[in-house]
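Okay, structure first, notes after.
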Amino acid sequence: MPGVSPGYSGPERPALADLDLCTRCGLCEQACPTYRLLGFEPDSPRGRIFLMKQVALGEAEINQHLADHLYRCLGCRACETVCPAGVPFGRLLEYGRFQVEQHRDLAPHSKGWMIFRQLAFRLVLPRRWLFRALMWPSRAIASVPGFAAAFDTLPRGNRLRRLVDMLPRRDKHVEPSASAMPPVTPAIGRRRAVVGLLLGCVMDSLFRHTHEATVRVLARNGCDVRVPTGQWCCGALNVHAGERAIAKDLARANIDAFGRAPLDAIIVNSAGCGAVMKEYGELLKDDSEYAQPALAFAARVKDVTEFLAETSLVSGFAKLPIAVTYQDACHLVHGQGISHQPRALLQAIPGLRYIELRNASQCCGAAGVYSLTHPHLAQAILDEKIEAVLETSADVVATANPGCSMQLQAGLAQRGSRMRVRHVVEILDEAYAARSR
Amino acid sequence: MQEALIQRLRSAVGHEHVTARPDDLRNYAYDGSIDRAAPEAVVFPADAAQVAAVVRACEELRCPYVARGAGTGLSGGAIAEFGGVLISTARMRRILDIDAANRTALVEPGVVNAHISAAVATLGLRFVPDPSSQSACTIGGNVAENAGGLHCLAYGVTSNHVLGCEIVTPQGEIVWLGGRENETAGYDLLGVFIGSEGTLGIATKIAVKLTPQPETTRTLLAVFDSVDDASKAVSDIIAAGIIPAALEMMDRLSTQAIEAYVHAGFPTDAGAILIADVDGLQESVGETAAAIGDVCRRDGAREVRLAKDEAERERIWRGRKSAFGAMGRFSPSYYVQDGVIPRTKLPEVLAEVEAIGRRYGLLIANVFHAGDGNIHPLIAFDEKVPAQVDAAIAAGADILRACVARGGSISGEHGIGIEKRDCMNVQYAPSDLALMAKLKAVFNPGGLCNPAKMFPTSRRCGESARTLQRADLPEGIAPAAGPAF
Ligand SMILES: Cc1cc2nc3c(=O)[nH]c(=O)nc-3n(C[C@H](O)[C@H](O)[C@H](O)COP(=O)(O)OP(=O)(O)OC[C@H]3O[C@@H](n4cnc5c(N)ncnc54)[C@H](O)[C@@H]3O)c2cc1C
Ligand code: SF4
Ligand code: SF4
């Protein structure tokens, strides 16, 4: 029968022990954006777990249905946060997609997209120079204040406009980025820690200003900040798409790059990267050479908001009289259990009025490449999110992940809103800078 | 399934809101219980008129049909045992009207229980019935099961908070039962419908009562070395004339399962813990909480803790609400019982539950709505092992017999459905059941609306093969087939 393949193969499969944790109580259903939107059981966490379990038990085969519903999942892991049994959905999903990927004919997307994806994941993402070269036009547009706005004359549905809408917009007061990140930035004042910074791929190409803000804030808080060479993309996009082999190569390269430096922590300012890097141990568990180093590496990974909240911030903020709301990045709140830290940091800034966002921990629909693979669903999820964001009438919506920033940026641009999207550390940086200015 | 029926369904609700793809149907074969059977089609109507059209099509072509809310039911109510059509309320989820002055709301059946309270919170109101599944289950399912909740001790169950319902009868008519106000004349048909487990028709609109939020609520956690001491404290609290808003008990296995993931702050070495909510006016609440604390200490509580803020309260209640799901820590499935017993019999019934667990070699954790004597023994088993399934079902039946033997009942709030129907004989005389069957036949003469639920089959209570097969469907789904149907 075409489109039908047998069960799971190889050791990298959804583990029955994980699947067995699910008692089908259904308490996760309303936490799931796709279930809320579609009201369709196969698009619920419980439904997806059930489908994976049926394959594990030999009651069903890997087929188109499984592929469609595993790929319609955002991977936001909101279901994990509410699940009373601790079902590790993120892990199940990664392995489930990996198994589906073993059957190319089941790819739930168009041929064109699959070719694009192959190129992106296998050719471009692993190569830093190529990735950066291809991102050059985006960087150029983003680096000139006001340039992106020129595209606003294009009609709403225009694809080019949508892409440009996603680009980060730079504050006028922030200097344009230098060409390379300094390999070492010394701590200001007493040294409290030596940390490494992950640059990543998208962050490195489009969010250099966030990296620079991160380095400044860390240095001001007594950190020697190192940016080891040889590091590159964390592999998150690949892992989430079931492309594990390349993800492992990327992980090994990063472990080598950071492994040599004696670091107290490896700082990440992209939630999606941090979540995957904290799971390098799982990714490389069958690699005899790297299994141990991967665990040691993972144990040192800290999201920048997590790290700063633990360190107790040095004072020196100026008053920052702006209203700020905060959108939880899924891979921070659901993936790493980090939610009060970024809020606490923002609330530590004098003069800043913090406004809690309604349903802040609901996904914004960015979800890696989701807005490319499922544009209609992603848009519906985004619309709901922007509705809530606009309700706050904040000046700035803070977040901690590049995907979320770009998605929110696009959503706000679509509505013609002037609300700014900033990383939490950029706001901290602005408060410190305002003092010295 | 007949092609003609599928066509009728499609024209009733729209092509894209019907599925008969076998792959889709697999995901509709389960609910929160342990039974499984796939329907032959699932339809997603948008309103009462569409539900009526679906029902008429099914009745005319003699096909069984079953309503489904969120599928969190614990007695197999939403399982399409004989195939046929599953009518999902997933698209009927609008809150149609909120009348703050008269403290009522009109909602569609697919609205999630917790969403009602969320929608009226800024008005200082809430919808009281709060089953532990409230973040997922629907108001339609609550009405069908007459669901209870953690705060039913002081405030009553679903039937106390529903003013009226629009239903589609099995004849395909749209009628209103009850009122929008409190009092109505004539037979209490609403009372008959609530708790009828989807066998008398399908609710399409529900008028619910809203209740003002209490000025303050305090939550108290008392830790005991033994279940006996905790049970005694429960009886003593009620005997002292104190009515807490909620009074819940959990034994050691339950707290261990919960703490494994949820981290509610429960001790995992205690014999039992009690959780009490006290609400009302600022001054009185402190006094009542202190009085409960005193009773607990007198009965041997080794620790009495008052939640210091809202966050801690929420953590404690989230822990309690996680109890069933958390059983995944022990086993892939659990079979939850729902017996009711006189409060004073708690220690004795629990001892028997423990003995039953030993007899069948199964782990049984216990959670109770202690204030109402509603016990929820959770029997851990693995559905992949047939012998364990049989043992769990037999153990469950023994527990229910133990409850009835002490003057109790086989179900407090989860309904009878498939799971407990064969135990109805244990509680009711044949003449009682015959009267119920006659009543059912008035509403549902063809017997196609959620067939064979609630009424005993030819099997014995606790016998193993559970879901009936299509061939078992009483011949021609005969009208008023008596107690067997
Ligand atoms: C973790 C967990 C905790 C729970 N805690 C509690 C608790 O504390 N108290 C409690 O009482 N229950 C509890 N339950 C049981 C369950 O949640 C309730 O019975 C709930 O009312 C079911 O709602 P549902 O929407 O999931 O209904 P479903 O499971 O979909 O259906 C249940 C029954 O209702 C019928 N039905 C659904 N919609 C309609 C309609 N519109 N018209 C007519 N019939 C309809 C179905 O045919 C079926 O017979 C719990 C369940 C779980 C999984
Ligand atoms: S994933 Fe967790 S919350 Fe969802 S049905 Fe399974 S046990 Fe329940
Ligand atoms: S990861 Fe997100 S989208 Fe996927 S099942 Fe869980 S809640 Fe739903």
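The set of residues in the stretch A:32-80 that are more than 16 Å from ligand 1 (Cβ to nearest atom) and polar (S, T, N, Q) comprises A:34, A:54, A:63, A:64.
Need a quick list: helices (runs of 4 or more DSSP H) entirely within the stretch A:335-437 having at least 3 residues that are crowded, with 19+ Cβ neighbours inside 10 Å.
Values: elements: A:340-347, A:370-373, A:375-392, A:402-414, A:424-436.
So the answer is A:340-347, A:375-392, A:402-414, A:424-436.
Residues checked against (1) under 22 Å from residue B:385 (Cβ atoms); (2) touching a residue at least 24 places away in the same chain (Cβ under 8 Å):
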position: B:302; (1), (2): no, yes
position: B:315; (1), (2): no, yes
position: B:319; (1), (2): no, yes
position: B:325; (1), (2): yes, no
position: B:331; (1), (2): yes, yes
position: B:343; (1), (2): no, yes
position: B:348; (1), (2): no, yes
position: B:352; (1), (2): no, yes
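Mind checking which helices (runs of 4 or more DSSP H) fall wholly inside the stretch A:202-268 and carry at least 3 residues that are over 17 Å from the mean Cα position of the chain (by Cα) and farther than 25 Å from residue A:374 by Cβ? Where helices (runs of 4 or more DSSP H) fall fully within the stretch A:202-268 and carry at least 3 residues being over 17 Å from the mean Cα position of the chain (by Cα) and farther than 25 Å from residue A:374 by Cβ, they are A:208-220, A:244-259.
When the stretch A:320-331 is filtered for residues that are away from ligand 3 (no atom under 14 Å from the Cβ) and over 15 Å from residue A:395 (Cα atoms), nothing remains. Scanning the stretch B:386-440 for residues that are under 24 Å from residue B:152 (Cβ atoms), in contact with an Asp or Glu (Cβ under 7 Å, 6 or more places away or on another chain) and part of a helix (DSSP H, G or I) yields a total of 1.
In the set A:89, A:98, only one residue is of a type in the set (A, V, I, L, M, F, W, C), more than 16 Å from ligand 1 (Cβ to nearest atom), surrounded by 24 or more Cβ atoms within 10 Å (Cβ to Cβ) and under 25 Å from the mean Cα position of the chain (by Cα); that residue is A:89.
Only one of the numbered conditions (1) of a type in the set (Ser, Thr, Tyr); (2) surrounded by fewer than 21 Cβ atoms within 10 Å (Cβ to Cβ); (3) under 28 Å from residue B:396 (Cβ atoms); (4) not assigned by TED's automatic domain parsing to the domain that holds residue B:373 is not met by residue B:284, and that is (3).
Within the stretch B:361-407, the set of residues being buried (at least 19 other Cβ atoms within 10 Å of the Cβ) and at positive phi comprises just one member, B:373. Checked across the stretch A:68-81, the condition of being surrounded by 24 or more Cβ atoms within 10 Å (Cβ to Cβ), under 16 Å from residue B:324 (Cα atoms) and facing another protein chain (nearest Cβ under 10 Å) holds for no residue.
Regarding the stretch A:29-50, can at least one residue be identified that is in contact with a strand residue (DSSP E or B) (Cβ under 8 Å, 6 or more places away or on another chain), more than 7 Å from chain B (Cβ to nearest Cβ) and away from ligand 3 (no atom under 11 Å from the Cβ)? No, there is no match, as no residue in the stretch A:29-50 is in contact with a strand residue (DSSP E or B) (Cβ under 8 Å, 6 or more places away or on another chain), more than 7 Å from chain B (Cβ to nearest Cβ) and away from ligand 3 (no atom under 11 Å from the Cβ). Tally up the residues in the stretch B:325-384 that are part of a helix (DSSP H, G or I) and among the β-branched types (Val, Ile, Thr), please. Of the residues in the stretch B:325-384, 4 are part of a helix (DSSP H, G or I) and among the β-branched types (Val, Ile, Thr). Of all the residues in the stretch B:7-23, those that are within 28 Å of residue A:45 (Cα to Cα) and outside any loop (DSSP other than H, G, I, E, B) number 10.
Checking the structure you have, find out if any residue of the stretch A:307-324 is assigned to a helix (DSSP H, G or I) and without any contact (Cβ under 8 Å) to a residue 60 or more places away in the chain. Yes: one or more hits. Could you please let me know if residue B:88 is hydroxyl-bearing (Ser, Thr, Tyr), within 18 Å of the chain's Cα centre (by Cα) and either at pLDDT below 95 or over 24 Å from residue B:393 (Cα atoms) (or both)? So residue B:88 passes the test. Number of residues in the stretch B:156-196 that are surrounded by fewer than 22 Cβ atoms within 10 Å (Cβ to Cβ) and aromatic (Phe, Trp, Tyr): the value is 2. Within the stretch B:377-406, the set of residues being more than 16 Å from ligand 1 (Cβ to nearest atom) and out of contact with any helix residue (DSSP H, G or I) (no Cβ under 8 Å at 6 or more places or on another chain) comprises B:384, B:385, B:386, B:387, B:388, B:389, B:390, B:393, B:405. Report whether or not residue A:207 is crowded, with 21+ Cβ neighbours inside 10 Å and at pLDDT below 85. So residue A:207 fits the description; yes. Condition first: surrounded by 14 or more Cβ atoms within 10 Å (Cβ to Cβ) and either within 14 Å of another protein chain (Cβ to nearest Cβ) or not aliphatic (A, V, I, L, M) (or both). Now tell me which residues in the stretch B:301-315 satisfy that. Residues satisfying the conditions are B:302, B:305, B:312, B:313, B:315.
Screening residue A:8 on (1) of a type in the set (Phe, Trp, Tyr); (2) more than 15 Å from ligand 1 (Cβ to nearest atom); (3) facing chain B (nearest Cβ under 7 Å) shows it passes everything except condition (3). Would you call residue B:290 surrounded by 19 or more Cβ atoms within 10 Å (Cβ to Cβ) and more than 14 Å from every other protein chain (Cβ to nearest Cβ)? Spelling it out, it is not the case that residue B:290 is surrounded by 19 or more Cβ atoms within 10 Å (Cβ to Cβ) and more than 14 Å from every other protein chain (Cβ to nearest Cβ).
Within the stretch B:291-309, the set of residues being under 32 Å from the mean Cα position of the chain (by Cα) and assigned to a helix (DSSP H, G or I) comprises B:291, B:292, B:293, B:295, B:296. Scanning the stretch B:256-277 for residues that are surrounded by fewer than 18 Cβ atoms within 10 Å (Cβ to Cβ) and under 22 Å from the mean Cα position of the chain (by Cα) gives no hits.
Looking at B:351, B:380, B:392, just one residue is at pLDDT 90 or above and farther than 21 Å from residue B:423 by Cα, and that residue is B:351.
Restricting to the stretch B:325-355, name every residue that is of a type in the set (A, V, I, L, M) and either within 16 Å of ligand 3 (Cβ to nearest atom) or in contact with a His (Cβ under 6 Å, 6 or more places away or on another chain) (or both).
Matches in the stretch B:325-355: B:336 only.
State yes or no: is residue B:358 surrounded by fewer than 19 Cβ atoms within 10 Å (Cβ to Cβ) and more than 16 Å from ligand 3 (Cβ to nearest atom)? Against the criterion (surrounded by fewer than 19 Cβ atoms within 10 Å (Cβ to Cβ) and more than 16 Å from ligand 3 (Cβ to nearest atom)), residue B:358 qualifies.
The values are calculated or read from the model by the stated rules, or taken from the named source; none is laboratory data. What you see is a predicted model, and the numbers here were worked out from it, not measured in a lab. A quick note on method: Cβ atoms are made from the backbone with ideal geometry, for glycine too, and the neighbour counts reach across all protein chains shown.
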